[in-house]
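Q: First, the structure itself, so that you have it in front of you.
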Amino acid sequence: MISREITKIMLSESHEITHFNRGSRKTEFSKDVRTICGDRRDYEGFYELLKNERFDVVIDMLAFTEEDARSTVETFQGRTGQIMVCSTIGAYKRPYKSVPVLEDEEDFWDDPVFPYGYGKGAVERYLRKQMEAGVPVTVMRPSLTYGWGAQNVGIFRQNYGIIERIKNKKPLIMFGDGAQSFTFSFVKDVAKGFAGAAGNPKTFCNSYHVVGDGYHIWDDLYLTFGKVIGVEPIIYHMPSELLNKAAPNLCGHILYEKAYNGIFDTRKIKTDVPQFKPGVGLLEGISEVAEYFEKEAKWVDGKKEALEDALCGLYEEIYGKISVLYAL
């Protein structure tokens, strides 16, 4: 999702773009970019395919472990002017140490209980050592990013299931009281940050929040979907701990990441990357997501739908019909 928007911007500026991917499907850029096909996690094969290549900038969107990041640095060090790596605010250890969160004040996850954050934390620790050694690395940290092509929307990553539930007057589960603050990011804004940082010496050996301006509470996510489709959503609130016990593979990100207020300082990137001027609001961003779902991803994950139905049934058993009417 982010890569596509970065590519659009870079092509509009007449840069020469090479994609490295598995080549499993054609993209809208097939005629405009060079493509090298391979497996990102076959580290030896990755090196062999790219050891004779030289690029002004390398952008790694798929560094989820220290081994991934090490592979990228060892493959391109000395043969590129800059290595940009997409990290995430999910790499930060909770609770935060600064409010708003500052890029250089936080520790990274060091507990495997949250595998995604733990992996990204390991990436960041490794890259920090590389930056200290003078390797021209730039780390970009988006928050949860939405837009055309989004496949991670909703508490259970229900995606189009959110729209279906609202249309059918079925409740949606929200963690906690839904009032935790969060800074959403929209892909067009995030891509401007990446494109503006590419080849920019000010960003070498630096880390940046590349997130939207302002913040919302989590209930706003579902309420905005309701505004877009013209139907008011029904929202049931359940404890993060309970949701994690019900589906740890789906809800770890809630308990260990989203349950904490997330307000991220963006002064650093706005100073070094003037092109980064986030302007996509929540309503515009969710409208784009809803359009994408209706046009290209109009399907519901049956297992996630059944899970949400079961949790809504549990909610009604616990709180009774009075609370259900209140939720309406």
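Just so you know, all these numbers are worked out from the coordinates, no wet-lab data involved. Computed from a prediction, not measured in an experiment: that's the story for all the values here. Here the Cβ positions follow ideal geometry from the backbone for every residue, glycine too, while neighbour counts run over all protein chains shown.
Q: Express the Stokes-Einstein translational diffusion coefficient of segment 166-269 in µm² s⁻¹, to the nearest whole number, given a Kirkwood radius over alpha-carbon pairs, 25 °C and a viscosity of 0.890 mPa s.
A: Rounded to a whole number, D works out at 155 µm²/s.
Q: I would also like to ask the following. How much length would be gained if the chain were fully extended between ARG267 and ILE217, taking 0.36 nm per residue of separation minus their Cα-Cα distance, in nm to one decimal?
A: Gain in length upon complete extension: 15.8 nm.
Q: Continuing with the same structure: Specify which residue in the list ASN159, THR266, LEU49 is farthest towards the positive end of the charge dipole of the chain, using unit charges on the beta carbon of Lys, Arg (+1) and Asp, Glu (-1), about the Cα centre.
A: In the chain, that residue is LEU49.
Q: Using the Karplus curve 6.51 cos²θ - 1.76 cosθ + 1.60 with θ = phi - 60°, what ³J(HN,Hα) values do you get for each residue of segment 76-86, in whole Hz, with x for Gly and Pro?
A: Running phi through 6.51 cos²θ - 1.76 cosθ + 1.60 with θ = phi - 60° gives 10, 4, x, 10, 8, x, 6, 10, 9, 10, 7 Hz.
Q: Which residue, chosen from PHE186, GLY149, GLY78, occupies the Cα position most advanced towards the positive end of the dipole of the chain, where the dipole is computed from +1 (Lys, Arg) and -1 (Asp, Glu) charges on Cβ about the Cα centre?
A: Checked the options; the winner is GLY149.
Q: Another one. Per-residue HN-Hα couplings for segment 181-197, Karplus 6.51 cos²θ - 1.76 cosθ + 1.60 at θ = phi - 60°, whole Hz, x for Gly and Pro?
A: Listing the rounded values in order: 7, 7, 9, 7, 10, 10, 4, 5, 5, 4, 5, 4, x, 4, 5, x, 7 Hz.
Q: Let me ask another. May I ask which of LYS167/LYS227; LYS26/LYS167; LYS188/LYS303; LYS120/LYS258 have a Cα-Cα span longer than 22 Å here? Mind dumping the intermediate values first?
A: Details: LYS167/LYS227 11 Å; LYS26/LYS167 33 Å; LYS188/LYS303 31 Å; LYS120/LYS258 16 Å.
Checking Cα-Cα distances, LYS26/LYS167; LYS188/LYS303 exceed 22 Å.
Q: What's the center-to-center distance, using Cα atoms, between segment 161-222 and segment 102-159 in Å?
A: Comparing the Cα centres of segment 161-222 and segment 102-159, I get a distance of 14 Å.
Q: Charges only on Cβ, +1 for Lys and Arg, -1 for Asp and Glu: so what's the dipole of segment 1-106 about the Cα centre, in debye to the nearest 20?
A: My answer is approximately 380 debye.
Q: R0 = 45 Å: FRET efficiency of GLU232 with VAL33, Cβ-based, nearest 0.05? Walk me through the numbers on the way to the answer.
A: Working: r = 43 Å, r/R0 = 0.97.
FRET efficiency, GLU232 to VAL33: 0.55.
Q: Oh, and also: Where the eigenvalues come from the Cα gyration tensor of segment 48-197, what are the semi-axes √(5λ) of the equivalent ellipsoid, largest first, in whole Å?
A: The answer is 32, 19, 14 Å, longest axis first.
Q: Can you list residues from other chains, or at least 5 along the same chain, whose modelled amide H is less than 5 Å from the amide H of ILE59?
A: Those qualifying (amide H under 5 Å, at least 5 residues apart or on another chain) are MET84.
Q: GLU53 to LEU283: FRET efficiency via 1/(1 + (r/R0)^6), r the Cβ-Cβ distance, R0 45 Å, to the nearest 0.05?
A: 0.60
Q: Here is a follow-up. Would you please classify the overall shape of the chain from the alpha carbon gyration tensor, given that a ≥ b ≥ c denote the square roots of the eigenvalues, rounded means a/c under 1.5, and beyond that prolate means a/b larger than b/c while oblate covers the rest? Could the numbers behind the result be given before it?
A: Details: a/c = 1.90, a/b = 1.66, b/c = 1.14.
In terms of gyration-tensor shape, prolate.
Q: Which Cα, out of LEU102, GLY117, THR203, lies furthest along the positive dipole direction of the chain (beta carbon charges, K/R +1, D/E -1)?
A: About the Cα centre, the residue reaching furthest to the positive side is THR203.
Q: Now for a separate question. Once phi is turned into ³J(HN,Hα) by the Karplus curve 6.51 cos²θ - 1.76 cosθ + 1.60 with θ = phi - 60°, what whole-Hz value does each residue of segment 14-27 show in order, with x for glycine and proline?
A: 6, 7, 8, 10, 10, 9, 10, 7, 7, x, 7, 8, 6, 10
Q: Please arrange TRP109, TRP148, TRP299 by how many other C-beta atoms lie within 10 Å of their C-beta, fewest to most.
A: In increasing order of surrounding Cβ atoms, one gets TRP299, TRP148, TRP109.
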